[in-house]
Amino acid sequence: MIRAMTDVNRLSIGILGGTGDQGKGLARRFALAGHQVLIGSRSAQRAQDAAESIGAGATGDENAVVAAQADIVIVAVPYEGHKALLESLRAELAGKIVVDCVNPLGFDKQGAYALPVEEGSAAQQAVAVLPDSRVVAAFHHVSAVVLMDPAVDKVDLDVLVLGDDREATDVVQALADVIPGVRGVYGGRLRNAHQIEALTANIISVNRRYKAHAGLRITDI
Ligand SMILES: NC(=O)c1ccc[n+]([C@@H]2O[C@H](COP(=O)([O-])OP(=O)(O)OC[C@H]3O[C@@H](n4cnc5c(N)ncnc54)[C@H](OP(=O)(O)O)[C@@H]3O)[C@@H](O)[C@H]2O)c1
């Protein structure tokens, strides 16, 4: 795969909603890889408790503090809270790479399905709300269960990284690469983020049928 090697090792990583399954799972893997990780929450106490459970030097604070302090900020809150949270952090997130892994999904008796998003996708909603940030979409298909499983040394999947800012997508691809087994793969512009977010509904169906935590691999690169 041809792309510039980007040194991301020194970047601190903040995670909004880092007390949840996905945020804590990503936090754990980045902390194990040696990154300074800052867990964000609506409650500083919940964030500190989550950071303590991760160890490896992770710290916890309110989302706004984490958004202001971290070099790169991952958004890992449910879609219902996505827009309002980002609106409230516009100033703190200005100039930063903001990594959106939010999947707007609904669930009913037939399983998961993609919700319509006025802006096109959660990632494009982030762009609309954060005009001064560098929004990248990534980590949509990574299972939180796998990220948290101490028996899994290597996470066997590719992370599709989407964005309109080449330097920012290179950084996030390099960030995905620090998780053993994971490869960050450029997946297109943000106008094509909808189907990446929506594809998670199909992966959830795969997981239910095969009792698995499936991931994706892109071949021939
Ligand atoms: N779970 C997965 O395997 C997975 C995989 C890929 C992508 N994702 C995406 O990652 C995101 C988080 O998933 P999750 O399973 O970790 O969700 P979650 O556990 O339900 O929520 C994550 C955290 O978000 C905060 N939160 C909840 N409602 C909020 C609101 N209305 N406004 C602001 N913050 C709120 C909570 O933290 P505090 O109460 O501490 O503030 C919560 O711990 C989702 O958008 C999901 O689509 C999940």
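What the table below lists for this structure:
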read-out	value
Extension gain (nm, one decimal) between Glu87 and Asp49, 0.36 nm per residue minus Cα-Cα	11.1 nm
Simple Cβ-charge dipole of the range 69-154, Lys/Arg +1 and Asp/Glu -1, about Cα centre, in debye nearest 20	80
Tail beyond 28 Å, pair distance distribution of the chain (Cα, percent)	22
Max mean-square fluctuation residue, GNM over the chain, Cα-Cα springs under 10 Å, options Phe139, Phe30, Phe107	Phe107
Beta bridge orientation in the range 24-145: antiparallel %, DSSP, nearest 5	25
Where the Cα pairs of the range 1-117 fall when distances are cut into 5 Å bins, in %	2, 12, 21, 22, 17, 11, 9, 4, 1, 0
DSSP bridge pairs, the chain: antiparallel proportion in percent, nearest 5	20
Cα lying deepest toward the dipole's positive end in the chain, options Gln110, Ile221, Ser53, charges on Cβ	Gln110
The range 97-221: translational diffusion in µm²/s, Stokes-Einstein, Kirkwood Rh over Cα pairs, 20 °C, 1.002 mPa s	143
Charge dipole of the chain about the Cα centre (unit charges at C-beta), most positive-ward option of Val159, Val65, Tyr79	Val159
Computed [θ] at 222 nm, deg cm²/dmol, the chain (DSSP H ≥ 4; -39,500 (n - 2.57); rounded to nearest 500)	-11500 deg cm²/dmol
Cα-centre dipole for the chain with unit charges at Cβ (Lys and Arg positive, Asp and Glu negative), debye to 20	480
Segment Lys109-Gln69, extension gain: residue separation times 0.36 nm, minus the distance between their alpha carbons	10.2 nm
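Any read-out appearing in this document is the output of simple, stated calculations on the displayed coordinates, not a laboratory observation. Because the structure is predicted, anything quoted here is derived from the model rather than measured. Every residue, glycine among them, receives a Cβ derived from its backbone with ideal geometry; neighbour counts consider all protein chains shown.
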